Amino acid sequence: MSKIIIKTDEEIEIIHEGGRKLARIMEILKEEISRPGYLTKGLDKRINELCEKFDAKPAFMGYRGYPATVCLSINDEIVHCTPGDRIIKEGDLVSLDFGLRYKNLYTDSAISFGVGKMTPLADKLIKVTEASMYKGIDQVRPNGHIGDIGQAVQRYAEANGFSVVRDLTGHGVGKQVHEPPQILNYGREGTGPIMKKGMVLAIEPMVNVGDWRIKQGIDGWSIMTADGELSAHFEHTVAVTDDGYEILTKE
Ligand code: MF3
Ligand code: CO
């Protein structure tokens, strides 16, 4: 098992600067995409433009060969779907997963939102997924266990009648897009590595209306629910501080 990289206060400040940029770009993208008829074809170009404006680089393009600047997953799609030339429709549940490189350090964040009028079930899924992420984040503290995060996420999501995806996890982030440790969104309290000040963690529950099982698309990237039911995804990059945590992918 490779070691979890501890970041200095200076590095965490830079990651936070990048994270603020990421949050602002995400808000703009959400606003632009949230309308029926939006053409996703132009999204990579738009993101490159925004990144230039915010003096940062998109982190995912080319990462392990990933062919887009963002992951845009709709309805039963969970993660790692490319924008392609799809058109957003009224009632779509859209998940955007986006990362930045700023001064050679990485941030990673995801949001889900509805386009126009949504079913009560879709609205509930979005709310519960976001809240489950915050339940997980609330477990972040020095000397806590990584397993405390997944336990809190799972308990909250399942108490609301949903399931958590098992095959995909959160992760360390900062020097690279993905670093150790893996952060499961399920499991037991008191298990896994011990958290230390200076660790930077991407906490990212993916929550399904139906079963937790996934299937993979033929493009080799896209991942959707095996049963075709809706899925949502939220993610923040979070630092372990002296007495708790700080969320770095927001103001
Ligand atoms: N946020 C995504 C994750 O943690 C990063 C995807 S990289 C990509 O899985 F190359 F797959 F886009
Ligand atoms: Co991530």
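Which of (1) touching a helix residue (DSSP H, G or I) at 6+ places or on another chain (Cβ under 7 Å); (2) at positive phi; (3) away from ligand 1 (no atom under 16 Å from the Cβ) does ASP85 not meet, given it meets every other one?
Of (1) touching a helix residue (DSSP H, G or I) at 6+ places or on another chain (Cβ under 7 Å); (2) at positive phi; (3) away from ligand 1 (no atom under 16 Å from the Cβ), only one is false for ASP85: (2).
Which one of these is within 16 Å of ligand 2 (Cβ to nearest atom) and over 16 Å from the mean Cα position of the chain (by Cα): ARG46, ARG64?
So the residue among ARG46, ARG64 that is within 16 Å of ligand 2 (Cβ to nearest atom) and over 16 Å from the mean Cα position of the chain (by Cα) is ARG64.
Would you pick out the residues in the stretch 83-111 that are open to solvent by 40 Å² or more (accessible area, probe 1.4 Å) and either among the hydroxyl-bearing types (Ser, Thr, Tyr) or not in a strand (DSSP E or B) (or both)?
GLY84, ASP85, ARG86, LYS89, GLU90, LYS103, ASN104, TYR106
Of the residues THR241, THR249, THR169, which single one is surrounded by 24 or more Cβ atoms within 10 Å (Cβ to Cβ), modelled with pLDDT of 95 or more, within 30 Å of GLU13 (Cβ to Cβ) and among the hydroxyl-bearing types (Ser, Thr, Tyr)?
Exactly one residue qualifies, and that residue is THR249.
If only one of GLY136, GLY192, GLY198, GLY210 is of a type in the set (Gly, Ala, Ser) and open to solvent by 30 Å² or more (accessible area, probe 1.4 Å), which one is it?
GLY192
Considering only the stretch 51-58, I want to know if a residue exists there that is within 16 Å of ligand 1 (Cβ to nearest atom), open to solvent by less than 40 Å² (accessible area, probe 1.4 Å) and not in a helix (DSSP H, G or I).
Yes, that holds for at least one residue.
What are the residues in the stretch 201-243 that are of a type in the set (Gly, Ala, Ser) and within 14 Å of ligand 2 (Cβ to nearest atom), if any?
Selection gives ALA202 alone.
Run down ILE78, ILE87, ILE74, ILE146 and say which single residue is without any contact (Cβ under 8 Å) to a residue 40 or more places away in the chain and in contact with a strand residue (DSSP E or B) (Cβ under 7 Å, 6 or more places away or on another chain).
Unique residue meeting the criteria: ILE74.
The values are calculated or read from the model by the stated rules, or taken from the named source; none is laboratory data. As the structure is a computational prediction, the values presented were derived from the model and not from experiment. Heads up, the Cβs are rebuilt from the backbone with ideal geometry, glycines too, and the neighbour counts pull from every protein chain shown. Surface accessibility is based on the protein's heavy atoms, side chains included, excluding ligands, DNA and RNA. Shrake-Rupley method; radii C 1.70, N 1.55, O 1.52, S 1.80 Å.
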